[in-house]
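What follows is a single structure, written as structure tokens, with notes after it.
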Amino acid sequence: MNIEAKKSEVMNLIGYGLAKYDKDFVNEFKFPSKSAFAKFVVDIGMARTVKAVLNRMDSFDPYFDNGRRGWHQRTQRMHIKLFIDSLFGHETAKGFANIVKMYMREIDDSIPIQVDAVSPVTQSRFKQLQETGKEAELYFMNNYNNIDLFSEGVLEDARLLGDGYDFQIYCHNRFYLVEIKGLKERRGSIRMTQNEFEKANDYKSDYVLVVVSNLLNNPHIRYFQNPLSSVHLHPVSQDYSIVT
């Protein structure tokens, strides 16, 4: 993930924190007001304008009972809100602010903020925040019925099996094995492991590669049924890479 994509991700965390925790979130950064905090975010290079920081809060406001209506485009950040919830929804304002601080310092370790020690579990969740796979999988689970191929299908989670696919979907008297890949931005490359490649080769049209792109903004789903015949694959060591 490039630096601008990381900054955009931090801005989503900030928007979530301001919308959910309000002044308690700002207080953890030792600022007296949201506008003062927003100026700090601009000064450290995470946003270009104070308005951009407050707009990000507005985009998350509709999902929290904070007395503000927020942005009119109420569904644009839903997938991001659900993903952050899945990782840090249980955190207090102090705990969540510390996670945001940790991410800021990872981007620029000269930023003058104090980051408290975090538990190993929180560290693991923080790593998942930066990975596209988990976010893409969650988005797919909430939206797979909107794909014609899987409409009215029954999804079974197979991720813990580690057998070359993430989900099994039964629909139209047929079983599909589905592997999910994610991209933070609109374009990029993904990899199929040797195990995934072999499963795709074995199951042919019953194997579906799903790419969820543009996760930082408005996700887009594209699927490849029998991917070994429908996309151009390049061998990379033991993996296989495609460019969407």
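The values are calculated or read from the model by the stated rules, or taken from the named source; none is laboratory data. Just so we're clear, the structure is a prediction, and the values are computed from it rather than from any experiment. Cβ sites come from the backbone with ideal geometry, for glycine too, and all protein chains shown count toward neighbours.
Please find, within the range 159-179, the residue that is surrounded by the most Cβ atoms within 10 Å (Cβ to Cβ) out of those that are aliphatic (A, V, I, L, M) and modelled with pLDDT under 95. Quick ask: steps written out before the conclusion?
Residues of the range 159-179 aliphatic (A, V, I, L, M): 160-161, 169, 177-178.
Among the residues that remain, those that are also modelled with pLDDT under 95 are: 160-161.
On the way: Leu160: 7, Leu161: 10.
Residue satisfying both the conditions and the ranking: Leu161.
Taking each residue of the range 149-173 that is of a type in the set (Ser, Thr, Tyr) and looking for partners that are surrounded by 11 or more Cβ atoms within 10 Å (Cβ to Cβ) and in a loop (DSSP other than H, G, I, E, B) with beta-carbon atoms closer than 8 Å, six or more apart or interchain, yields Tyr165/Ala158; Tyr170/Gly153. What number of residues within the range 191-203 satisfy the criterion of being part of a strand (DSSP E or B) and buried (at least 22 other Cβ atoms within 10 Å of the Cβ)? Of the residues in the range 191-203, 1 are part of a strand (DSSP E or B) and buried (at least 22 other Cβ atoms within 10 Å of the Cβ). The set of residues in the range 22-49 that are of a type outside the set (D, E, K, R), in contact (Cβ under 8 Å) with a residue 60 or more places away in the chain and surrounded by fewer than 21 Cβ atoms within 10 Å (Cβ to Cβ) comprises Asn27, Phe29, Ile44, Gly45. Exactly one residue out of Ser86, Ser35 is at pLDDT below 95 and in a helix (DSSP H, G or I): that is Ser86. Of everything listed in (1) surrounded by fewer than 19 Cβ atoms within 10 Å (Cβ to Cβ); (2) touching a residue at least 24 places away in the same chain (Cβ under 8 Å); (3) out of contact with any Leu (no Cβ under 9 Å at 6 or more places or on another chain), the single unmet condition for Ser86 is (3).
If you take the residues of the range 59-83 that are part of a helix (DSSP H, G or I) and surrounded by fewer than 18 Cβ atoms within 10 Å (Cβ to Cβ), which of them is modelled with the lowest pLDDT?
Looking at residues that are part of a helix (DSSP H, G or I) and surrounded by fewer than 18 Cβ atoms within 10 Å (Cβ to Cβ), I get Met78.
For the structure I just gave you, tell me whether Phe197 is at pLDDT 95 or above and of a type in the set (A, V, I, L, M, F, W, C). Break it down into steps so the answer makes sense when it comes.
On the way: at pLDDT 95 or above: no; of a type in the set (A, V, I, L, M, F, W, C): yes.
Answer is no for this residue.
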